[in-house]
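Okay, structure first, notes after.
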Amino acid sequence: GAGVSQSPSNKVTEKGKDVELRCDPISGHTALYWYRQSLGQGLEFLIYFQGNSAPDKSGLPSDRFSAERTGGSVSTLTIQRTQQEDSAVYLCASSLLAGGTQYFGPGTRLTVL
Amino acid sequence: QKEVEQNSGPLSVPEGAIASLNCTYSDRGSQSFFWYRQYSGKSPELIMFIYSNGDKEDGRFTAQLNKASQYVSLLIRDSQPSDSATYLCAAERGSQGNLIFGKGTKLSVKP
């Protein structure tokens with residue numbers, strides 16, 4: 001596709017359930033990033049994939065959060081046993097190379113009831 | 001803790017004026033800097049990036065970088081109501097590739 005796509009656009013779940021968020025980066029982009037943005041707040045870095053290197057997981061807030069990137073393309077962010085404080089917009093971005101311009105997807109708005 | 005700091009605003013300017021948005025960063029290893037615009041309820045979109053000290057102009061936008069002072073700014077000339085948004089400053093995190101974002105400055109351009 002022409003841009004970064006994310007699905008679902010909205011997700012409402014109950015506390016304690018697991019959720020999976022998907023990101024399709026721009027074709028050919030080697031780097032993929034996940035961020036979280038709570039209402040009225042800045043972007044919080046979560047995890048970063050670059051090519052075949054081990055991901056930088058330094059931003060993941062707890063071990064309930066994990067992500068994988070299959071085949072160097074699509075990425076899935078999984079949140080286990082969701083909590084109300086996990087409610088936020090989860091943004092994915094990709095860049096052609098590490099440190100390059102990041103292009104953002106439309107985000108997934110997660111609401112944990 | 002490597003950080004990017006921005007005044008949260010809101011910064012209010014009249015239509016046609018110059019809006020000046022400022023940002024400081026703490027990581028001296030950062031080489032690339034980015035300005036993103038984010039409309040309410042939307043995802044960030046890139047306005048400009050800058051690598052070298054000095055000014056970089058693109059239409060009504062000018063980015064300024066001073067590495068010695070660890071300072072980045074964005075000037076918007078002839079501000080329009082459609083420029084009303086939150087502006088995010090980001091610095092490359094040394095050689096690690098990902099970006100550190102400031103919390104953003106909310107700009108309001110009054111007609």
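The values are calculated or read from the model by the stated rules, or taken from the named source; none is laboratory data. Values in this document were obtained by computation on a predicted structure and should not be read as measured data. Note that each Cβ is placed from the backbone with ideal geometry, even for glycine, and that neighbours are counted across all protein chains shown.
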*Look at the range A:86-105 and say how many of its residues are at pLDDT 95 or above, over 12 Å from A:Trp34 (Cα atoms) and either of a type outside the set (Asp, Glu) or more than 13 Å from the chain's Cα centre (by Cα) (or both).*
2
*asked:* Quick check on my filter: what residues within the range A:24-35 are within 12 Å of another protein chain (Cβ to nearest Cβ) and surrounded by 21 or more Cβ atoms within 10 Å (Cβ to Cβ)?
replied: A:Ala31, A:Leu32, A:Tyr33, A:Trp34, A:Tyr35
_Residues to consider are B:Ser73, B:Ser43; find the one that is farther than 28 Å from A:Gly3 by Cβ and either under 12 Å from the mean Cα position of the chain (by Cα) or surrounded by 15 or more Cβ atoms within 10 Å (Cβ to Cβ) (or both)._
B:Ser73
*Could you check how many residues of the range B:87-104 are more than 10 Å from chain A (Cβ to nearest Cβ) and modelled with pLDDT under 95?*
1
_Are there strands (runs of 3 or more DSSP E) fully within the range A:60-110 with at least 1 residues that are more than 28 Å from B:Tyr51 (Cα to Cα) and without any contact (Cβ under 8 Å) to a residue 40 or more places away in the chain? List them._
A:65-69
*Would you check which residues across the range B:26-66 are assigned to a loop (DSSP other than H, G, I, E, B), farther than 18 Å from B:Glu3 by Cα and among the basic types (Lys, Arg) and list them?*
B:Lys42, B:Arg60
